[in-house]
1. Go through the stretch 36-54 and give me each residue that's outside any loop (DSSP other than H, G, I, E, B) and open to solvent by 20 Å² or more (accessible area, probe 1.4 Å).
2. Would you say residue 51 is free of Cβ contacts under 8 Å to residues at least 40 places away in the same chain, over 23 Å from residue 6 (Cβ atoms) and touching a Lys or Arg at 6+ places or on another chain (Cβ under 9 Å)?
3. Which of (1) open to solvent by less than 40 Å² (accessible area, probe 1.4 Å); (2) more than 19 Å from the chain's Cα centre (by Cα); (3) at pLDDT 90 or above is the odd one out, the single condition residue 67 does not satisfy?
4. Check whether at least one residue in the stretch 28-35 is among the β-branched types (Val, Ile, Thr), under 30 Å from residue 119 (Cα atoms), touching a residue at least 12 places away in the same chain (Cβ under 8 Å) and outside any strand (DSSP E or B), and report yes or no.
5. Mind checking which pairs have a first residue in the stretch 110-126 that is at pLDDT 85 or above and a second that is surrounded by 10 or more Cβ atoms within 10 Å (Cβ to Cβ) and not in a helix (DSSP H, G or I), Cβ under 7 Å, 6 or more apart or different chains?
6. Within the stretch 7-22, does at least one residue satisfy the condition of being assigned to a strand (DSSP E or B), touching a strand residue (DSSP E or B) at 6+ places or on another chain (Cβ under 8 Å), under 16 Å from residue 74 (Cβ atoms) and open to solvent by 60 Å² or more (accessible area, probe 1.4 Å)?
7. So which of 94, 73 ends up being surrounded by 10 or more Cβ atoms within 10 Å (Cβ to Cβ), at negative phi and modelled with pLDDT under 75?
Amino acid sequence: MTLQVGNILEGKVVNITNFGAFVEISGKTGLVHISEISDTYVKDIRKHLKEQDKVKVKVIAIDENGKISLSIRQALPKKSSRPIEIDWDMERRRSANMSFEERLAKFLRESEERFQDLKRSQDSKRSGGYSRR
């Protein structure tokens, strides 16, 4: 099988470095850069992968010297972009049985969780997935 950009294949992790993981596919070895391991920030690749792991990878580039660039995160299924539907009547019924203090505590907890998610997302985009040295 000829490797082509866009192919999604299963491969085996053969070596891990601080900057990425080498994966064997179709008898050849390609590099999954640390920024292509996950949708979230990766500080230590070894917390995500180990040698001999079988992984799905997408071929994202093949240069003129035959070097193969791979991505695990681009091979993952896309998350649904459908908006979350909320049953407001059910929420009102739940809230009706809560005291003001309980509703306030719930609001603060949910707000803090959303803020932390947003902050993680912005930090990840700012760093571009690369570790800072």
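1. Answer for the stretch 36-54, where residues must be outside any loop (DSSP other than H, G, I, E, B) and open to solvent by 20 Å² or more (accessible area, probe 1.4 Å): 36, 46, 47, 54.
2. Values: free of Cβ contacts under 8 Å to residues at least 40 places away in the same chain: yes; over 23 Å from residue 6 (Cβ atoms): yes; touching a Lys or Arg at 6+ places or on another chain (Cβ under 9 Å): yes.
It is true that residue 51 is free of Cβ contacts under 8 Å to residues at least 40 places away in the same chain, over 23 Å from residue 6 (Cβ atoms) and touching a Lys or Arg at 6+ places or on another chain (Cβ under 9 Å).
3. (1)
4. yes
5. Close Cβ pairs satisfying both conditions: none exist.
6. Yes, that holds for at least one residue.
7. Working: 73 fails: modelled with pLDDT under 75.
The conditions single out 94.
The values are calculated or read from the model by the stated rules, or taken from the named source; none is laboratory data. These numbers were taken from a predicted model, which means no experiment stands behind them. Cβ: placed from backbone, ideal geometry, glycine included. Neighbour counts: every protein chain shown. Remember, those area values only see protein heavy atoms, side chains included, never the ligands or the DNA or RNA. Shrake-Rupley method; radii C 1.70, N 1.55, O 1.52, S 1.80 Å.
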